[in-house]
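Okay, structure first, notes after.
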Amino acid sequence: MMPPMTASKILIIDDDRELGEMLKEFLAPDHLDVSARLSGEDGLQALRQDAWDLLILDIMLPGMNGIDVLKEVRRSSDIPIIMLTARGDDVDRILGLEFGADDYLSKPFNPRELLARIKAIMRRSRPDEKRGGALSVGALEVDARARRVSAGGESIRLTGTEFELLRCLAESPGKVVPKEQLTQQVLGRRYMPYDRSIDTHVSNVRRKLSGAGVDNPSIRSQRGVGYLLLVDEQGRPDA
């Protein structure tokens, strides 16, 4: 007899009480156990007191806003985060991604779309025993099974989305990976014109690699096409 499936624990921080209740009911059949907090302060306390698998975070919160909550969470945690933003508010959307959110969804949204985003993010945030061993690219070692990136034996902290992006590029070093392909593989959705999500995640990975002293390989862009992981075979930083 198969053991019962363990429910994944999801925390939603949103001052819309009805939305929290609706999501609890909608997501329960997919073994997603949702708890809601109505303020950033209460949400942070819940994050400190318990272990969670994913955070859904509204930007417009009373008191401490969602961006400040996001920055506080990212000081110590790589928990997958989906930001909820006002429709058409590109500034908040980009800020959320820049400060470490994995993805965003504009309000009002279809709960089925949220469920699809949750499944995609949780899938890419877990170790995958089916993948091959570590990839060595320049100074980097990208362990696809353990979902770990290191340089010189030192780990580099990446979110699940950032890791998946780097892994996709590391599997084809020196080759341009189109944005359409990256969006599908990394974010689990179709690429739309003017969507800057992948660009922002690339900027985040670049910043973290630079902060760890990694300049070989480097992530380069091919304007209008995509990105590639470029290795200087001579061991020098790329020109």
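Rule-based calculations on the coordinates, nothing more; no lab input. From a predicted model like this one, the values you see are computed outputs, not experimental measurements. Here Cβ is always computed from backbone atoms with ideal geometry, including for glycine, and neighbour counts include all displayed protein chains.
Based on Cα atoms of the stretch 81-127, Rg over Rh with Rh as the Kirkwood radius reads 0.99. Couplings for the stretch 209-217, taken from phi via the Karplus curve 6.51 cos²θ - 1.76 cosθ + 1.60 with θ = phi - 60°, read 5, 4, x, 8, x, 9, 10, 9, x Hz in order; Gly and Pro are left as x. The antiparallel fraction among DSSP beta bridges confined to the chain stands at about 45%. Expressed in Å, the radius of gyration and Dmax of the Cα atoms of the stretch 1-135 are 15.1, 51.
Database remark: amide H of Tyr227 closer than 5 angstrom to the amide H of Val177, Lys179, Gln222 (H placed geometrically; neighbours at sequence offset of 5 or more, or on other chains; Pro and chain starts carry no H).
Here's how it looks for Ser77: its modeled amide H is under 5 Å from none belonging to a residue 5 or more places away or on a different chain. Once Rh is set to the Kirkwood radius over Cα pairs, what Stokes-Einstein translational diffusion coefficient, in µm²/s, holds for the chain at a temperature of 10 °C and a viscosity of 1.306 mPa s? Taking Rh from Cα pairs, D becomes 85 µm²/s. The stretch between Glu72 and Asp89 holds 3.9 nm of extra length on full extension. This uses 0.36 nm per residue minus the Cα-Cα distance.
For the chain, set up a GNM with springs between Cα atoms under 10 Å and report which of Arg223, Arg157, Arg74 has the largest fluctuation. Checking each option, the largest mean-square fluctuation is seen for Arg223.
Across the stretch 115-122, computed HN-Hα scalar couplings (Karplus, 6.51 cos²θ - 1.76 cosθ + 1.60, θ = phi - 60°) run 4, 5, 5, 4, 4, 5, 5, 5 Hz from first to last residue, x flagging Gly and Pro.
Of the residues Phe26, Phe99, the one with the fewest other Cβ atoms within 10 Å heads the list, and the complete ranking is Phe26, Phe99.
Rounded to 0.05, the FRET efficiency of the Ser155 and Arg189 pair, given R0 = 22 Å and the Cβ-Cβ distance, is 0.15. Answer rounded, prolate or oblate for the stretch 168-211, using the Cα gyration tensor with square roots of eigenvalues a ≥ b ≥ c: rounded when a/c is under 1.5, else prolate when a/b is larger than b/c, else oblate. Oblate, since a/c reaches 1.5 and b/c is not below a/b. Converting phi to 3J(HN,Hα) with the Karplus coefficients 6.51, -1.76 and 1.60 and the offset θ = phi - 60°, the stretch 22-38 yields 5, 5, 4, 6, 5, 8, 4, x, 9, 6, 10, 8, 9, 10, 10, 10, 9 Hz in sequence order, with x at every glycine or proline.
Here the stretch 134-230 is treated as an ellipsoid with the same Cα gyration tensor; its semi-axes, largest first and in whole Å, are 21, 13, 12.
Note: relative contact order over the chain, using C-alpha pairs below 8 Å and six or more positions apart, is 13 percent. Near Ser106, the amide H atoms lying under 5 Å from its own belong to Thr85; only residues 5 or more places off or on other chains count, and H is placed 1.01 Å from N.
Full extension from Ala134 to Lys24: what is 0.36 nm times the residue separation minus their Cα-Cα distance, to one decimal in nm? Intermediate values should be presented prior to the final figure.
Values: separation 110, 0.36 × 110 = 39.60 nm, distance 3.83 nm.
Using 0.36 nm per residue and subtracting the Cα-Cα distance, I get 35.8 nm.
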